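Worksheet for the structure shown next.
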Amino acid sequence: MIYQEHDSFIQTHLSETKNEIKFTKEIYVKYFKNAKEFNYTSVYDKAKILKPKTLLAHGIHLSDEELKLISRRKFIVLHRTHRKKI
């Protein structure tokens, strides 16, 4: 993968809203042997993009299992505690 060849950062979003999590599960749960194994973070893990140079925005609705995975893979979740109203 390109990010490996260039030792670059990866940035994307993770668990920003409950609807986003539901939608992700509907699409990706079929790639897991057991639906209990599935969580949003595991999709990125299965794609092998969780590494110390992975930056994931939000992480508002993370499960205990996801927090353990984050700790094991040592990637970064960028979290903002409030939204700016426009």
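The values are calculated or read from the model by the stated rules, or taken from the named source; none is laboratory data. No experiment lies behind these values; they were computed from the predicted model shown. Cβ atoms come from the backbone with ideal geometry, glycine included; neighbour counts cover every protein chain shown.
Some points to look at:
- Pairing residues of the range 41-69 that are part of a helix (DSSP H, G or I) with residues that are among the polar types (S, T, N, Q), at Cβ distances under 6 Å and at least 6 apart in sequence or on separate chains, gives 65/39; 66/39; 66/41; 69/41.
- The one condition from (1) at pLDDT 90 or above; (2) among the small types (Gly, Ala, Ser); (3) surrounded by fewer than 14 Cβ atoms within 10 Å (Cβ to Cβ) that residue 15 does not meet is (3).
- The range 49-76, residues that are under 11 Å from the mean Cα position of the chain (by Cα) and on the phi > 0 side of the Ramachandran plot: 58, 59
- Just one of the listed residues (32, 9) is under 13 Å from residue 76 (Cβ atoms) and among the aromatic types (Phe, Trp, Tyr), namely 9.
- Number of residues in the range 53-86 that are acidic (Asp, Glu) and either under 25 Å from residue 8 (Cβ atoms) or modelled with pLDDT under 90 (or both): the value is 1.
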